[in-house]
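The structure under discussion appears below in the form of structure tokens.
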Amino acid sequence: MKSLSILAATLAFSTALGGAAFAQTNLTMWYHGAGSTVERDLINGIITDFNGSQTDWKVSLQEFPQAAYNDSVVAAAVAGNLPDIIDVDGPVMPNWAWAGYMQPLQLSEGALDGFLPGAIGKYNDQVYSVGLWDAAVAMYARKSTLEKFDIRVPTLEEPWTREEFDGILETLKASGEFDYPLNLGMADQGEWYPYAFAPFLWSFGGDLVDRTSYETAEGALNGDAAVEFGEWWQSLFTNNYVPGTSQDMASHETGFIDGDYALQWNGNWVAVKTLEALGDDVLFLPAPDFGNGPKIGGASWQFGVSSTSAHPDGASAFIEFALQPKYLAAFSDGIGLIPATAEAAALTKNYAPGGALESFYALSEKQAMLRPVTPGYVFEALEFRKALSDIANGADVVDALDAATDAINADIARNNNYAAAQ
């Protein structure tokens with residue numbers, strides 16, 4: 001009996017030792033998509049697969065509403081309570097890296113081969129974040145409307161020119177068939193303004209900041225090209241081509257489908273809903289060329305590793321695991337965004353060759369331009385949004401752009417040209 005007791009104790013000790021040897025180190029992850037069951041299921045699926053694929057790491061997820069997410073990260077950074085893995089909106093990443101919230105990723109060589117440029121978050125020549133998807137904006141139109149008014153269908157090689165586009169808006173307005181010729185989405189008064197409308201400024205030849213140094217907005221946001229853009233922007237409202245800043249969100253979301261607007265400037269995330277409503281009659285067209293090439297915004301939400309993570313190797317291993325084509329394709333099929341690689345696109349329903357949304361991949365690949373890659377972008381975006389709203393509401397164009405320029409320059413000076421990150 002004594003020998004049996006000794007054997008049992010030995011087995012129990014061995015089992016406990018073996019269990020300890022294979023215990024996984026916990027990695028915490030924050031995600032901005034609380035409320036979306038589709039996103040939650042997709043993220044949890046990747047986490048389950050990763051946790052089961054190896055014995056070193058175990059990721060656990062905490063979700064936040066998007067509206068509260070950025071503030072939660074900033075508060076956690078101040079308190080020293082950041083998780084291991086965070087997601088970050090692409091244009092915000094340089095600010096978080098500069099502020100010390102993030103550290104460069106530890107990825108295998110070649111891990112990002114074939115990725116759309118907008119899905120890779122680089123700052124100071126190092127990769128801090130990577131996205132499983134990108135997003136793109138297109139000009140939505142009905143084929144039947146263009147045919148009725150003898151309007152040319154633009155292509156990536158031959159987009160509408162400024163003169164052509166202005167003439168199209170006037171033709172559509174004169175028809176009297178629409179509340180407005182174009183829906184810009186003025187009701188969506190957050191990051192949509194710099195994401196969707198800064199590309200118009202870029203195409204005119206201006207910018208939010210001088211990208212040669214990122215140390216001034218002078219000449220970029222208030223120079224001749226920017227003023228020309230501002231005057232054109234204001235003309236959209238004075239000519240009643242587009243709804244103003246008082247547009248309600250319901251009108252923005254359904255107006256094009258309901259026929260209230262002839263054209264719509266919107267992202268690929270509403271494309272599936274529009275296809276379901278309009279079928280083959282809907283077209284997704286490239287941005288107009290206002291003189292310096294057609295532009296759209298690039299970069300969407302991406303994954304990164306916090307600066308305080310004690311296990312950046314494990315956090316990076318999870319992110320690299322999530323970059324498999326099957327997961328990129330699953331996110332695309334689930335939430336409609338653009339898969340980050342052509343290999344993943346080929347696995348999807350809508351972005352594969354011949355798919356209904358294939359054109360968005362080409363738009364992202366050919367026309368996308370990153371918002372200014374600088375810690376100061378988060379402030380610049382706010383000032384740009386204010387200037388656009390003021391100009392739309394009748395403010396003097398030069399005064400509005402000068403005020404935004406002065407405010408941005410003051411912010412850059414206040415932060416010592418963001419020199420700590422340059």
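The values are calculated or read from the model by the stated rules, or taken from the named source; none is laboratory data. Source: prediction; values computed, not measured. FYI the Cβ positions are ideal-geometry reconstructions off the backbone, even for glycines, and counts take in every protein chain you see. Heads up: the accessible areas ignore ligands, DNA and RNA and are worked out on the full protein's heavy atoms, side chains in. Shrake-Rupley method; radii C 1.70, N 1.55, O 1.52, S 1.80 Å.
Per-structure values
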{"read-out": "Residue within segment 37-53 that is assigned to a loop (DSSP other than H, G, I, E, B) and either in contact with a Pro (Cβ under 7 Å, 6 or more places away or on another chain) or touching a residue at least 60 places away in the same chain (Cβ under 8 Å) (or both) present", "value": "no"}
{"read-out": "Residues of segment 248-272 classified as in a loop (DSSP other than H, G, I, E, B) and open to solvent by 30 Å² or more (accessible area, probe 1.4 Å), total", "value": "2"}
{"read-out": "Conditions (1) crowded, with 23+ Cβ neighbours inside 10 Å; (2) at negative phi: number failed by Gly185", "value": "(2)"}
{"read-out": "Single condition Leu370 does not satisfy, out of (1) modelled with pLDDT of 95 or more; (2) open to solvent by less than 60 Å² (accessible area, probe 1.4 Å)", "value": "(2)"}
{"read-out": "Any hit, segment 65-86, residues being in a strand (DSSP E or B), open to solvent by 40 Å² or more (accessible area, probe 1.4 Å) and out of contact with any Leu (no Cβ under 7 Å at 6 or more places or on another chain)", "value": "no"}
{"read-out": "Residue under evaluation Ala387, criteria (1) surrounded by fewer than 23 Cβ atoms within 10 Å (Cβ to Cβ); (2) in contact with a Gly (Cβ under 9 Å, 6 or more places away or on another chain); (3) part of a helix (DSSP H, G or I), criterion not met", "value": "(1)"}
{"read-out": "Number of the exception - Thr171 against (1) of a type in the set (Ser, Thr, Tyr); (2) open to solvent by less than 40 Å² (accessible area, probe 1.4 Å); (3) free of Cβ contacts under 8 Å to residues at least 40 places away in the same chain", "value": "(2)"}
{"read-out": "Any hit, segment 93-115, residues being open to solvent by 60 Å² or more (accessible area, probe 1.4 Å), of a type in the set (D, E, K, R) and touching a residue at least 40 places away in the same chain (Cβ under 8 Å)", "value": "no"}
{"read-out": "Helices (runs of 4 or more DSSP H) lying entirely in segment 275-377 (those with 3 or more residues that are over 21 Å from the mean Cα position of the chain (by Cα))", "value": "312-322"}
{"read-out": "All positions within segment 116-147 that are open to solvent by 10 Å² or more (accessible area, probe 1.4 Å), in contact with an Asp or Glu (Cβ under 9 Å, 6 or more places away or on another chain) and hydrophobic (A, V, I, L, M, F, W, C)", "value": "none"}
{"read-out": "Residues that are under 18 Å from Phe200 (Cβ atoms) and open to solvent by less than 50 Å² (accessible area, probe 1.4 Å), drawn from segment 391-408", "value": "Ile391, Ala392, Ala395, Val397, Ala400, Leu401, Ala404, Thr405"}
{"read-out": "Condition broken by Ala217, with the remaining ones in (1) more than 22 Å from His252 (Cβ to Cβ); (2) surrounded by fewer than 23 Cβ atoms within 10 Å (Cβ to Cβ) satisfied", "value": "(2)"}
{"read-out": "Enumeration of residues in segment 123-169 that are within 25 Å of the chain's Cα centre (by Cα) and assigned to a helix (DSSP H, G or I)", "value": "none"}
{"read-out": "Among (1) over 30 Å from Val73 (Cβ atoms); (2) without any contact (Cβ under 8 Å) to a residue 12 or more places away in the chain; (3) of a type outside the set (Lys, Arg) - the single one Gln324 does not satisfy", "value": "(1)"}
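Here is a yes/no grid of residues against (1) of a type in the set (S, T, N, Q); (2) over 24 Å from Leu263 (Cα atoms); (3) in the same structural domain as Thr405 (by TED's automatic domain parsing):
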| position | (1), (2), (3) |
| --- | --- |
| Ala196 | no, no, yes |
| Pro199 | no, no, yes |
| Gly206 | no, yes, yes |
| Asp210 | no, yes, yes |
| Thr216 | yes, yes, yes |
| Gly219 | no, yes, yes |
| Gly223 | no, yes, yes |
| Glu231 | no, no, yes |
| Leu236 | no, no, yes |
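Residues are listed down the side, and each one gets a yes or a no for (1) hydroxyl-bearing (Ser, Thr, Tyr); (2) under 30 Å from Asp390 (Cα atoms):
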residue: Lys122; (1), (2): no, no
residue: Tyr128; (1), (2): yes, no
residue: Thr155; (1), (2): yes, no
residue: Glu158; (1), (2): no, no
residue: Asp166; (1), (2): no, yes
residue: Phe178; (1), (2): no, yes
residue: Ala187; (1), (2): no, yes
residue: Phe197; (1), (2): no, yes
